[in-house]
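The values are calculated or read from the model by the stated rules, or taken from the named source; none is laboratory data. All figures in this text were calculated on a predicted structure; none of them were measured in a lab. When we count neighbours, we look across all protein chains shown, and the Cβ atoms used for this are built from the backbone with ideal geometry, even at glycine. Areas reflect the complete protein model, heavy atoms only, side chains present, ligands, DNA and RNA absent. Shrake-Rupley method; radii C 1.70, N 1.55, O 1.52, S 1.80 Å.
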Amino acid sequence: MILKEFQKRALEQVRGFVEHLAEQRGKAQEIRKQFPDTEIDWAEQAWKKSSTHPYMPRRNGLGEPLPAFCLKIPTGGGKTLLATKVIDLVNTHYCRRQTGLVLWIVPTTQIYNQTLKALKDRDHPYRQQLDLASAGCTLVLEKTDRFSPRDIHECLCVLMLMLPSANRATKEQLRMFRDSGGFERFFPGEDDIDGHKQLLERIPNLDAFEQQGGMWGRHAKTSLGNTLRLLQPLIILDEGHKAYSPNAKKTLEGFNPCMIVELSATPPKSANVLVDIKGVELNAEEMIKLDLNIRNLASASWQDTLLAAIEHRKLLEEQARLHEANTGIYIRPICVIQVERTGREQRKPGLIHAEDAREYLLRHPEIRPEQIAIKTSQRDELKEVDELGGLMARDCPIRFIITKQALQEGWDCSFAYVLAILANPGSKTALTQLVGRILRQPNAHKTGVPYLDESYVFCFQRRGAELLDEVRKGFGLEGLQGLEGRITADAEGAMQPRESVVMKQREKFRKAARDLVLPAFMIQDGGEWRLVHYEADILSRVPWDEIDIAPLAGLSLGESGRGDEGWRTGLGSDPLMEHPANSQSPMSADEAPAIDYLFAASHLLDAMPNPWRGREVAKRAFEALLKQHSPKRVSDNYTFILESMRRQLESERDRLCREVFSGLLESGAMRFLVVAKDMDFNQLPAKIGTAAGKQANREDGGQYLLNLFEQTNEDELNGLENKVATYLDQQERLFFWYRNRARKDYYVQGWKRGRIYADFIFTLRADETGTEDEYHQVFVVETKGIHLKQSADTGYKRSVFDICSKHAAKKDWAEFVPAMRGRVMRFEIVDEDEWQHRLNAMLAA
């Protein structure tokens, strides 16, 4: 599955933090060897190196620093996929293993069943990522399943658990905290008094049979809860904001986790938010269906509202069939219907019951019984559908889902387009709680069909202001703040997707903008100049034989890369090892499973696209390590070695790509110049189609006067960009500025795969007295937040822009476009902490 840009950025932030954690933990251990009483919160020290936000320190049940951070990701942002990637990052860079225990905790049955099904499906991207992280050895467990020390040592074990099951409020009544069979091999034998004593001294928060004064002493319970404390799992906490009660925090910390990773769209203020994804980023990546169109019927009849929803869903299906005929992409629009009652004994006059809605649907001549499903806490007609392939399957007939509250959280079906609220108009929670269920975009990619790229709500007799407040609150609960401008509310009439508003260039800038042609890296092909393409022109020329993997031979391999510190503490000594009767002889230092070089190559495909070359490189690297380390140690550190290899290959690939890029420039086979032939990306658009929205204004409240276009919407500018646009708009030398659109407008192709889309293009007159229809300088500017200033991506873009400015200073860059001769071009990266100083320098040039 190809990651979105914001997902890549999120994982880079996590990678940086866990690397700092490993570094700071190592330093703290060295200090404590010399000064045993020294208390160092190495987790907080690592946080300070990774984030500018305040850190709320936490401790596990042993009193040790507990790294805990949150990924703030709006609904539809792919948080479960990111969680599987984070498991790999934590195991590789922090735990130095590819096995062990992950405790995956969810708050509701709906999320539990959905996540469990995905993780058990070997064809699902989530499971495939776990298999990649574990070299194909993944066990997905439930709390009733039993597992052994060997399972933990040889496999990546993911234990699914419901948050209420972990709550210690009634711990004596909960099975997972009772002494039970199946986990005895993690504990000393019943007659091993010294073993139990040593274990309880080492891990004092284990539940025990209290016989302090008896002849047998205290014995640790062989419960699942105690086993978790021994193994110190990595905790993935879905909907993490639900686990901030004192009791929930105490319970989770009492599992002695090595780390807690929270996933939430709305974390509390006390959460350590490491990654903060904005709703506008999801919208820009086409992951959500916006606009959200609301039709508020004046009729008091719920039947009229349901009929309007039925007819609109029918219209959407017609559009979907046309789309499938043109593209082969299957979409079956679903209408979610919320009623007031669902129980058998709750059907009373004046209340809208699920059976009332079903009967009304069946009166429609085009709706068949198998197209309707009721989903409640007691009655789940979607269960059979899930067992036969799910709602997304082509042969699934479901078009209508009737519910009350069962779909409020965690339910995920991107085919859900229409929400019909039949609840009492006085209810202020119905719309708020369900709006997020219809926002996911099928395939996380816009179809290009306006009807299929938006979502729709039908309700009746709601007050206009209260209606919008409900939806805005719903957006807030889904982490989609900042997109409120993409909500439209209408009363009667046919619901249409919001028309795209056509923005035109201001008349006074039109002639100059028409003649503005921006330069690009061009390569000579058959006597003509064409755009440079990364794969065809850069990557294909890389001399792979020159890749330097020598640094890999110097990797420092731990003694037991398959177990983190908690595993070694809990299971590394004889009293805690598997019972001899059930164990096999441990592998000697000279024994280890054979290394699968082709599997290693598949893990390296992003860095080394040719799997056969990847196999050769992997073989060379592992053979070099085997000359210095035992086969077992190399095998135990397999994941760490693979990740180190991938990073080295990426670094080498980028180094060689840069050499290819520079060589093409030096030889003249590639040039940075303007060519106007049959290209639109390097010229400013004459008009822009955009959804109607709230107009962005300057920070002083005034309208933008020097914007190339008549209007820019609020959701097209973040806070820093609005500051920059305001500043530019107030400068006397400025001719016009333009907000360059990512993936649509001008870009620069460097020596890495991704294209560089700048944020602004602006022009300056020679001086304040210049005429209205001329400009002398053109600036292409990319803005960067303070948290990205030192990132590798920013450094790369800065290097590319420096080369662009250097070559744009040459006299022949505009030889093919006379209108650009004599113009001055500059490319700049502007950081948040010095943006005004940098712009002042540009304007003074």
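General observations
- Solvent-accessible heavy-atom area per residue, rounded to whole Å², over segment 671-826 at 1.4 Å: 45 Å²
- Using the average count of surrounding beta-carbon atoms within 10 Å as a protection proxy, the listed peptides 784-791, 196-203 rank, highest first, as 196-203, 784-791.
- Which of Ala553, Leu200, Ala271, positive extreme of dipole for the chain (C-beta unit charges): Ala271
- Within the accessible area of segment 115-162, the carbon and sulfur atoms contribute 48%, probe 1.4 Å, all protein chains present.
- Total charge dipole magnitude, the chain, about the Cα centre, Cβ charges on Lys, Arg, Asp, Glu only, Debye to nearest 20: 580 debye
- Shape summary: segment 1-97 maps onto an equivalent ellipsoid whose semi-axes, from the alpha-carbon gyration tensor, are 28, 14, 12 Å in decreasing order.
- Solvent-accessible area per residue, Å², over segment 225-345 with all protein chains present [probe radius 1.4 Å]: 33 Å²
- Backbone N under 20 Å from the Asn205 label point (7 Å along Cα→Cβ), restricted to segment 137-167: 159-167
- Distance between the modelled labels on Thr52 and Glu650, one decimal in nanometres: 2.4 nm (7 Å Cα→Cβ projection).
- With the highest mean first, a sort of the peptides 74-86, 719-731 on other beta-carbon atoms found within 10 angstrom per residue produces 74-86, 719-731.
- Protein accessible area in segment 670-746, 1.4 Å probe - carbon and sulfur %: 43 percent
- Positive-pole candidate from Pro257, Ala618, Leu468, dipole of the chain, charges at beta carbon: Leu468
- A Förster radius of 25 Å combined with the Cβ-Cβ distance from Arg344 to Asp304 puts the calculated FRET efficiency at roughly 0.40.
- Residues in segment 655-676 reached by a label modelled at Arg620 [backbone nitrogen below 14 Å; 7 Å Cα→Cβ]: 656
- Under the simplified labelling scheme, the Glu142-Met162 pair shows an inter-label distance of 1.0 nm, with each label point 7 Å from Cα along Cα→Cβ.
- Taking each DSSP H run with n ≥ 4 as -39500 (n - 2.57) and averaging over every residue of the chain yields -10500 deg cm²/dmol at 222 nm.
- Label positions at Lys744 and Arg363, each projected 7 Å from the Cα along the C-beta direction, are separated by 4.5 nm.
- Solvent exposure of segment 19-151 as accessible area per residue, Å², 1.4 Å probe: 41 Å²
- Exposure of Ser50 as accessible area (Å², to 10), given a probe of 1.4 Å and all protein chains: 40 Å²
- FRET efficiency estimate (nearest 0.05) - Cβ-Cβ, Lys8 to Ala594, R0 25 angstrom: 0.15
- Each of Gly702, Gly750, Thr109 was scored by the projection of its Cα onto the charge dipole of the chain, and the greatest displacement toward the positive side belongs to Gly702; charges sit on the C-beta of Lys, Arg, Asp and Glu.
- Dipole magnitude of segment 277-340, debye to nearest 20 (Cβ charges: Lys/Arg +1, Asp/Glu -1, about Cα centre): 80 debye
- Rg(Cα) / (2.2 N^0.38 Å) computed for the chain, rounded to two decimals: 1.06
- Percent accessible area from carbon and sulfur atoms, segment 359-398, protein chains only, probe 1.4 Å: 50 percent
- Accessible area (Å², 1.4 Å probe, nearest 10) - Glu732: 130 Å²
- Extension gain from Asp121 to His776, taking 0.36 nm per residue of separation minus the Cα-Cα distance: 229.8 nm
- Between segment 454-473 and segment 324-377, the C-alpha centres lie 21 angstrom from each other.
- Calculated FRET efficiency for the pair Asn697/Asp802, C-beta based, R₀ 22 Å, to 0.05: 0.05
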